[in-house]
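Since the structure comes first, as structure tokens, the remarks are kept for the end.
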Amino acid sequence: MNGRERLLAAIANEKPDRLPVQVHNWMTYYLNTYLGGCTPYEAYQRFGLDVALYVGPTAIYSDQALADWQVQRRDLGTSASGERAFVEVVTTPEGELTQRGASNAFTSWTTEHLIKGEADLELFLRYALVPAALDAAPVLEAQALVGQDGIVRGWATGYGQGSPWQDLCTLIGTETAIFWAMDQPDLLQHALDGLLEKRLRYIEMLEGIPLDLIETGGGAGSNTVISPRLFRRFCLPYDQIQHDALHAVGLRAVYHLCGGLMKMLDMVVETNADALETMTPPTMGGDCDLAEAQRRVGDKLCFIGGFDQNAGFEQGTPPGVREQVAYLYSCCPDGGYICSPSDHFFFGDPANIQAFADAARDCVYT
């Protein structure tokens, strides 16, 4: 099998020729610091990994939509430790919204959420941008580049990560979202309904765009963040609708829960997802027992992830990497599994990544 056939077989919950292996995207910091500034595709080729490029279509907005949602960003300077702060003011026909954040060489984060209350929510739901059309050119270019070496992954663009609950946690803050769920559930459902409606309009435009996998969900839905009861009420019904819409336009969905997922396994199946990631182990703050997950729902979901990149790439050795890959392979003896780091990584000897790729090639299915 080539890389594309191998990854697609696993996503279909079938048994490929050997263990597929990818990374959970390449961080620019790692590419620049350890790999001479190469591209993500070049990094995949260097190590002989199966390719999974993360690319989306270009959104095209109407002139009216852009006029109703004008964003002005102002740089607030850089701290002595290298953190760059900024403020964004969004002007709508009926008022302004403000958010603040910061970034460093590794990542960015929010320091002031865009939505502070009901009035801000209504402005957002009324005016936040939704594309009028999508330009598939970036996806077509990525598919041409990847060819038979792998797949191109995308997303159903929203306002946080992959699903309405994650959107809302990004917009108002996770604690506030949980307070709304407990104290103002009708308001929360109104917000989620509006976010889902915007997502569904985007999904309709994905029809015909050759993406092999769409990421949904988000870490804020993990059972290390919310309870199964909240998940069932405020995540599951919205994800079911979103996944059914993706299937209707011919796309497959991978549900992203970075952190706790063992209490959510059966409900992820109910969402009609095709795959589940990131299968984060307890050594990284998650709760995944891959062998137990396979026993419980492995016949219904492909799994992606499970590799502890802190112990493997950042602090490990090639023998330790090979041992970890061999264990993960043993947890899913019938396939339906893609070995991948459970999250992004920024440090680590490239020799450990080479051992990761080499170990996967030795994990042959019979």
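The values are calculated or read from the model by the stated rules, or taken from the named source; none is laboratory data. A quick note: this is a predicted structure, and the numbers were derived from the prediction, not measured. Methodologically, a virtual Cβ is constructed for each residue, glycine included, from the backbone with ideal geometry; neighbour enumeration extends over all protein chains shown. When the accessible area is computed, the model is the full protein with side chains, heavy atoms only, and any ligands, DNA or RNA have been set aside. Shrake-Rupley method; radii C 1.70, N 1.55, O 1.52, S 1.80 Å.
The GluC sites (Glu not before Pro) found in the range 68-152 that occupy coil by DSSP, while having at most 14 further C-beta atoms within 10 Å, are Glu83, Glu94.
DSSP finds beta bridges in the chain, and of those with both partners inside it, around 50 percent are antiparallel. Carbon-plus-sulfur accessible fraction, the range 1-65 (probe radius 1.4 Å, protein heavy atoms only): 46%. For the range 266-315, the solvent-accessible area of protein heavy atoms averages 35 Å² per residue (probe radius 1.4 Å; ligands and nucleic acids excluded). The alpha carbons of the range 275-316 give a radius of gyration and a Dmax of 11.0, 34 Å, in that order. Placing pseudo-labels 7 Å out from each Cα toward the beta carbon at Thr39 and Glu314 gives an inter-label distance of 2.9 nm. The label point for His247 and the one for Met182, both projected 7 Å from the Cα toward the Cβ, are 3.5 nm apart. A value for Cα Rg over 2.2 N^0.38 Å was derived from the coordinates, and within the list (1) 1.05; (2) 0.99; (3) 1.25 it appears as (2). The packing ranking, built from the mean of other Cβ atoms within 10 Å per residue, places the peptides 210-223, 64-77, 339-352, 322-335 in the order 210-223, 339-352, 322-335, 64-77, highest first. Which value results for Rg/Rh of the range 1-147 when Rg is the Cα radius of gyration and Rh the Kirkwood radius based on the inverse mean 1/r? That ratio equals 1.08.
For the peptides 143-153, 180-190, the ranking by mean Cβ contacts within 10 Å, running from highest to lowest, is 143-153, 180-190.
Measuring r between the beta carbons of Gln240 and Leu145 and using R0 = 35 Å, the FRET efficiency lands at 0.55. A simple packing score, the average count of other Cβ atoms within 10 Å per residue, orders the peptides 12-24, 289-301 as 12-24, 289-301, with the highest score first. Spin-label model, Phe346 to Ala65: label points 7 Å out along the Cα-to-beta-carbon direction sit 3.3 nm apart. Whole Å is fine, so just give me how far the alpha carbon centre of the range 258-330 lies from that of the range 16-80. Cα centres, the range 258-330 to the range 16-80: 23 Å.
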